[in-house]
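Participant: Below is one structure. I have some questions about it.
The values are calculated or read from the model by the stated rules, or taken from the named source; none is laboratory data. Being a predicted model, the structure only gives us computed values, none of them experimental. Cβ sites come from the backbone with ideal geometry, for glycine too, and all protein chains shown count toward neighbours.
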Amino acid sequence: MASELLELTVARAAERIRSGELSAGEYFDAYREAAAGDPLNAFLWTAEGPDEGGAGEGELSGIPVAVKDIFCTEGVATTAGSRILEGYLPPYTSTAVKALREAGASVLGKTNMDEFAMGSSNENSAFGPVKNPWDHARVPGGSSGGSAAAVAGRLAPCAIGTDTGGSIRQPAALCGIVGMKPTYGAVSRYGEIAFASSLDQCGPLTRDVTDCALILRALEGRDPMDATSVGIEGGVELPSREDLKGLRFGIPRELASDAEGIERGVRGVFESTVELIERLGGELAETELPHAPHGISAYYVLAPAEASSNLARYDGVRFGPRADGDDLTEMYERTRHDGFGDEVKRRIMLGTYALSSGYYDAYYGRAQRVRTKIAEDFARAFESFDFVVTPTSPTVAFELGARTDDPLAMYMSDYCTVPMPLAGIPAISIPAGLAEPDGGGPELPVGLQIAGPAFSESGMLDAAHALERAIGFDSVPGGGS
C-alpha cells in the first residue's frame, strides 16, 4: 500500500485526502518512512510528523513538501549546505514555506544542496554529494539536487528549490522531473538565504506539470517583507491544454542547433520533441538570441559579485561556528577559511575582484550591459513568438567527480539555463525522453526547456502540459546501482 501512495501525484493525493479516502497522516508517514531510508543523501533533516494544522482545507491539504535547506525554518537547522551555518536555528520562517503551510502542506524535510546554491552537480555540499536516482554513480544536478533527487526517487511528492542560473531546471532535467523558475518577483525571497539577490528565485520541483502549477499557485504572491515581490497578476491557472494549436515557438540557434557541447543524444531527443510540437499544431521557426552565448561570462561576474557582498555577513560573530584567533581579523579569517568550501571561496574572490577599484567598469559594468542586451534579445524574440524552446542541459547526468577539477566544464552545465534569469523571465523544464551519454552508458533523462515573457507562467504551464501528455514520459527511475 505504501508503495502505491508514493506513486500518487500531488493533485490526486490532495483530492483523496479531501474526500476522506486517504488519511493525511498515513500519506505523510509513507513518505517519512521512505525519506528515513534515503539512499541518495537527499535529506539533511526530516520531520517526525506533519505540521500542526497541515491538513486543513487548503488546496495542498495533507501534502508533504521537501524544502531546500536554503529556506529558513523557525527552530529547524538551516545550513545552506555550508559548515559556516552548521547548527544555525533561524528565529523565523521564510514566506515561501509559510505559503505552503497556509495551503495545507507540511514540511517533510530539508534537502541537501550545493553550498549557498553555488554549483551544478550537488557535489559542493559540506554534507556530501547527492546521488542521481537513475544511476547512483552520477550527479543529480545542482544546486537544488537534493530536492530534485527526492522527488524523482519517490522520497517526496514535491519540493521547492531556488534557481539563480539554472538550479531548479538543470537538476529537474537530469533527474527526469518537472522544474520551474518563475518570473523574478513572482515569489517572495524573504527568508531565503541570499546568493545573488537580483537573480535568486524560488520555484517548484514536481513529477508532472499539473503538480507544478499547484505548488506555484501556493507560492506566488506579493509580500510586504520583500520589496522585489509582485506576485503573478490573476494568479496561476491549472493547465488543461491538449494541443499546441495557435502557439508560436522560437528555436534560438545559439542555445540549440549552433550551441557547442550539446551531446548527440540530447540533440536527438530535442529534435524529436520539436517535431512533436509541430504535430501538436505548434508553429516553429528559428529565432536569434545573439547575446545568449555571453550569458555564462556575464553570469559568472554578476552572481559572484553579489555573492561576495551577501556572504560578507558570515564572520563568526552573529551566527554559526566561530574559529579562535589572536585578534578580530584573525578570527574572521579563520572562521571563513574553515567554514566556506572551495567553490564558495572561489566565487567570493571572483566577485570581490570584479567589484574592486579599477576593475568595476571593465567587469561588473560590462556584464550588466550584456545582461541588458540579453533581456532585449528575448523581448525582441517574444514579439514574434509565444515561447522559446531549448534543451535544458547540454548533457545528461555526468558521473560523480567527473567535473570537480574543472570549474569551467562545470559552469558550462548551465549554458542553456543562465540567459533566462539574467533576463528575469520564467522558464520550465519537462522530461522529454532518454538518451545515452556521449561515450556510452545507461539511458538517462533529457529535459526540454520552455521560456516565455515575464509573468507568462499560466500559458507556459498550459503548453508544457499538452507536450507532457504527448511525450508520455515514465518518471519512475530506471534503477540506480
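Participant: Between 255, 238, 284, 276, which is in contact with a Cys (Cβ under 8 Å, 6 or more places away or on another chain) and surrounded by 14 or more Cβ atoms within 10 Å (Cβ to Cβ)? Lay out the reasoning, then the answer.
Facilitator: Values: 238 fails: in contact with a Cys (Cβ under 8 Å, 6 or more places away or on another chain); 284 fails: in contact with a Cys (Cβ under 8 Å, 6 or more places away or on another chain); 276 fails: in contact with a Cys (Cβ under 8 Å, 6 or more places away or on another chain).
Exactly one of 255, 238, 284, 276 is in contact with a Cys (Cβ under 8 Å, 6 or more places away or on another chain) and surrounded by 14 or more Cβ atoms within 10 Å (Cβ to Cβ), namely 255.
Here's the yes/no breakdown for (1) over 13 Å from the mean Cα position of the chain (by Cα); (2) part of a helix (DSSP H, G or I); (3) closer than 17 Å to residue 397 by Cβ:
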residue: 120; (1), (2), (3): no, no, yes
residue: 142; (1), (2), (3): no, no, yes
residue: 149; (1), (2), (3): no, yes, yes
residue: 156; (1), (2), (3): yes, no, no
residue: 161; (1), (2), (3): no, no, yes
residue: 179; (1), (2), (3): no, no, yes
residue: 194; (1), (2), (3): yes, no, no
residue: 210; (1), (2), (3): yes, yes, no
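Participant: Starting from segment 339-359, keep only residues that are farther than 15 Å from residue 196 by Cβ and in contact (Cβ under 8 Å) with a residue 12 or more places away in the chain, then list their pairs with residues that are of a type in the set (Val, Ile, Thr) and part of a helix (DSSP H, G or I) whose Cβ atoms are within a distance under 8 Å, requiring at least 6 positions of separation or different chains.
Facilitator: 339/84; 340/84; 340/348
Participant: Name the residues in segment 97-118 that are under 21 Å from residue 30 (Cα atoms) and either in a loop (DSSP other than H, G, I, E, B) or within 14 Å of the chain's Cα centre (by Cα) (or both), would you? Spell out how you get there, then give the answer.
Facilitator: Taking segment 97-118 and keeping what is under 21 Å from residue 30 (Cα atoms), we get 100-101, 103-112.
Listed by number, the residues that qualify are 103, 104, 105, 111, 112.
Participant: Do we have residue 120 as in contact with an Asp or Glu (Cβ under 7 Å, 6 or more places away or on another chain) and in contact (Cβ under 8 Å) with a residue 24 or more places away in the chain here? Before the answer, list the steps.
Facilitator: On the way: in contact with an Asp or Glu (Cβ under 7 Å, 6 or more places away or on another chain): yes; in contact (Cβ under 8 Å) with a residue 24 or more places away in the chain: yes.
Yes.
Participant: Next up: Looking at (1) surrounded by 20 or more Cβ atoms within 10 Å (Cβ to Cβ); (2) within 20 Å of residue 476 (Cβ to Cβ), can you tell me which one residue 67 breaks?
Facilitator: Status for residue 67: all satisfied but (2).
Participant: Only residues in segment 1-22 that are free of Cβ contacts under 8 Å to residues at least 24 places away in the same chain count as the first member; pair them with residues that are surrounded by fewer than 16 Cβ atoms within 10 Å (Cβ to Cβ) and among the small types (Gly, Ala, Ser), Cβ under 6 angstrom, at least 6 apart or cross-chain, and list the lot.
Facilitator: Qualifying pairs under 6 Å: none.
Participant: For segment 403-473, which helices (runs of 4 or more DSSP H) that fit wholly inside it have 1 or more residues that are modelled with pLDDT under 95 and hydrophobic (A, V, I, L, M, F, W, C)?
Facilitator: On the way: elements: 407-411, 419-423, 457-471.
Of the helices (runs of 4 or more DSSP H) lying wholly inside segment 403-473, those with at least 1 residues that are modelled with pLDDT under 95 and hydrophobic (A, V, I, L, M, F, W, C) span 407-411.
Participant: Quick check on segment 374-399: of everything there that is of a type in the set (Ser, Thr, Tyr) and in a loop (DSSP other than H, G, I, E, B), which residue is nearest to residue 450 (Cα to Cα)? Full working, then the answer.
Facilitator: So in segment 374-399, the residues of a type in the set (Ser, Thr, Tyr) come out as 384, 390, 392-393, 395.
This time we only want the ones that are in a loop (DSSP other than H, G, I, E, B), so: 384, 392-393, 395.
Values: 384: 15, 392: 9, 393: 12, 395: 17 Å.
Out of the qualifying residues, it is 392.
Participant: In addition: Please enumerate the residues belonging to segment 77-97 that are crowded, with 19+ Cβ neighbours inside 10 Å and over 20 Å from residue 339 (Cα atoms).
Facilitator: 93, 94, 95, 96, 97
Participant: So, in segment 261-283, exactly how many residues are in contact (Cβ under 8 Å) with a residue 12 or more places away in the chain and either of a type in the set (Asp, Glu) or closer than 30 Å to residue 369 by Cα (or both)?
Facilitator: Residues in segment 261-283 being in contact (Cβ under 8 Å) with a residue 12 or more places away in the chain and either of a type in the set (Asp, Glu) or closer than 30 Å to residue 369 by Cα (or both): 4 in total.
Participant: Here is a further query. Considering segment 35-48 alone, what residues qualify as being in contact (Cβ under 8 Å) with a residue 24 or more places away in the chain, more than 24 Å from residue 212 (Cβ to Cβ) and in a loop (DSSP other than H, G, I, E, B)?
Facilitator: Correct list: 39, 41.
Participant: If you don't mind, another one. Working only within segment 78-96, note down all residues that are assigned to a loop (DSSP other than H, G, I, E, B), modelled with pLDDT of 95 or more and under 21 Å from residue 145 (Cα atoms).
Facilitator: Hits for segment 78-96 are 78, 79, 80, 81, 82, 94.
Participant: Next up: Return the pairs, sorted by first residue and then second, in which the second residue is among the acidic types (Asp, Glu) and buried (at least 20 other Cβ atoms within 10 Å of the Cβ), the first residue lies in segment 378-399 and is under 30 Å from residue 134 (Cα atoms), the beta carbons are less than 6 Å apart, and the residues are 6+ apart or on different chains.
Facilitator: 395/263
Participant: Separate question: Quick check on segment 262-273. Is at least one of its residues buried (at least 19 other Cβ atoms within 10 Å of the Cβ), in a strand (DSSP E or B) and of a type outside the set (Phe, Trp, Tyr)? Step through it out loud before you land on a result.
Facilitator: Keep residues of segment 262-273 that are buried (at least 19 other Cβ atoms within 10 Å of the Cβ), which gives 262-263, 265-266, 269-270, 273.
Next cut, in a strand (DSSP E or B) only: none.
Scanning segment 262-273 turns up no residue that is buried (at least 19 other Cβ atoms within 10 Å of the Cβ), in a strand (DSSP E or B) and of a type outside the set (Phe, Trp, Tyr).
Participant: Any idea how many residues of segment 222-250 are hydrophobic (A, V, I, L, M, F, W, C) and within 21 Å of the chain's Cα centre (by Cα)?
Facilitator: Filtering segment 222-250 down to residues hydrophobic (A, V, I, L, M, F, W, C) leaves 225, 227, 230, 232, 236, 238, 244, 247, 249.
From what is left, the residues that are within 21 Å of the chain's Cα centre (by Cα) are 230, 232, 236, 238.
Total meeting the criteria: 4.
Participant: Among (1) buried (at least 23 other Cβ atoms within 10 Å of the Cβ); (2) in a loop (DSSP other than H, G, I, E, B); (3) in contact with a strand residue (DSSP E or B) (Cβ under 6 Å, 6 or more places away or on another chain); (4) not charged (D, E, K, R), there is one condition residue 231 misses while meeting the rest; what is its number?
Facilitator: Every listed condition holds for residue 231 apart from (1).
Participant: Right, residue 32: assigned to a helix (DSSP H, G or I), more than 24 Å from the chain's Cα centre (by Cα) and surrounded by 15 or more Cβ atoms within 10 Å (Cβ to Cβ) or not?
Facilitator: On the way: assigned to a helix (DSSP H, G or I): yes; more than 24 Å from the chain's Cα centre (by Cα): no; surrounded by 15 or more Cβ atoms within 10 Å (Cβ to Cβ): yes.
Judged against the criteria, residue 32 is not a match.
Participant: Also: Please find, among 352, 335, the residue that is of a type in the set (S, T, N, Q), out of contact with any strand residue (DSSP E or B) (no Cβ under 9 Å at 6 or more places or on another chain), surrounded by 14 or more Cβ atoms within 10 Å (Cβ to Cβ) and closer than 16 Å to residue 84 by Cα. Explain how you work it out, then say what you get.
Facilitator: Details: 352 fails: closer than 16 Å to residue 84 by Cα.
Exactly one of 352, 335 is of a type in the set (S, T, N, Q), out of contact with any strand residue (DSSP E or B) (no Cβ under 9 Å at 6 or more places or on another chain), surrounded by 14 or more Cβ atoms within 10 Å (Cβ to Cβ) and closer than 16 Å to residue 84 by Cα, namely 335.
Participant: Please specify each residue of segment 1-25 satisfying the condition of being farther than 14 Å from residue 105 by Cα, assigned to a helix (DSSP H, G or I) and among the acidic types (Asp, Glu).
Facilitator: Residue satisfying the conditions is 4 alone.
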